[in-house]
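Bear in mind these aren't lab numbers, they're just calculated from the coordinates by the rules spelled out. This is a predicted model, so every value here is computed, not measured. No Cβ is skipped: glycine too gets one built from the backbone with ideal geometry, and neighbour counts run over all protein chains shown.
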């Protein structure tokens, strides 16, 4: 088997495990998948209270208020930048046909340069990244407010006062990702190479919601809080069992809910082909296309759940200081992550937002065996589901902070600074730290990376 066929075989195998059917979140029983963490935070089917005499109508708000978190987290986790599989050392030959590195540096880390690796040559490697997500659209994931409103409807032609009751919540989301990417690049010709990137991911998601019922009226059944026999009836809205006294009713307004878990497995595999269209002594330009195969389980936030296609172009100037730029466009199909995982409203799937991709920077040869790299890695996501901190005005005219969802564009930009060290022959050790410089989408402020690759 040739080196090129071996790399291509790695690309085919993950595709055999595609998840063709998306599992939705049950409305009656707990579904142990991460995509159901927010829809089932208050239990299957949303928040229900135990009142035997009144159905508390917070269910709809408990499902819709947090649904944008599911969408944003799923969209962002499926589009994180991977360690570059296209920046491998390229080769030229001595008169004795001995391959020697043809580049003045060891190449970039999170993006790629225009040159191809060279005919019949292969570069294989592994890279590890750790993401600790602390924000989303400028909100702190560790602490953010949300208001659950009571549904409004008429009773005997009037809107009852108790429908002004609401639930004030303080919420904390812990989200972590360990990502190990195996990659290979194979040269099919002097101007063409192909690559595969196979991520293995471990996702941890845990949510805590501390809730407080704010009542706008007391003794909501009647003025005396008793029925015709004189027995205490209690309030309309409370947590826990039926109160048997006014003191119990007034105290039963606080509760805490938790949900979450972990998932491990293969992520979405990236297949890429790149052709060099300009090959000068110092300059090079190339065009290519990358396919994101939905091999990761979208229900577990391990993948996008849909095919992605990203045509791109790259330009590089080769020298001791080698600047490079890359631009592209990411098209995505429909996924449960952008739709409704509960399956209760609308279609189960919706289109993931497209994105304009861009990167640029320079790699600098400091020593023959040491390259320093700095890059801007970014994307402009178009028409995404987003969150903002708005204001809810309650029955008493108190303005309260409350998360709100909207559709809009955002930028996700990081600056990566790192180094590559040639340990022996073409064995290269890579280290990098990427820092987010804006707050659009899901944000991990500092992302460390370490990798090892070998070219032959």
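Quick notes
- When 75, 163 are arranged by Cβ crowding within 10 Å, least crowded first, meaning fewest neighbours, the order is 163, 75.
- Over the range 101-165: Kirkwood hydrodynamic radius from C-alpha pairwise inverse distances, Å: 19.2
- Put in order of Cβ neighbour count within 10 Å, fewest first, the listed residues 324, 57 become 57, 324.
- Three-way shape call for the range 282-323 based on the alpha-carbon gyration tensor, with the a/c threshold at 1.5: prolate
- For the range 234-392, the extents of the C-alpha atoms along the principal axes are 87, 37, 34 Å, listed from largest to smallest.
- Sorted by Cβ neighbour density within 10 Å, fewest at the top, the residues 320, 292, 436: 320, 436, 292
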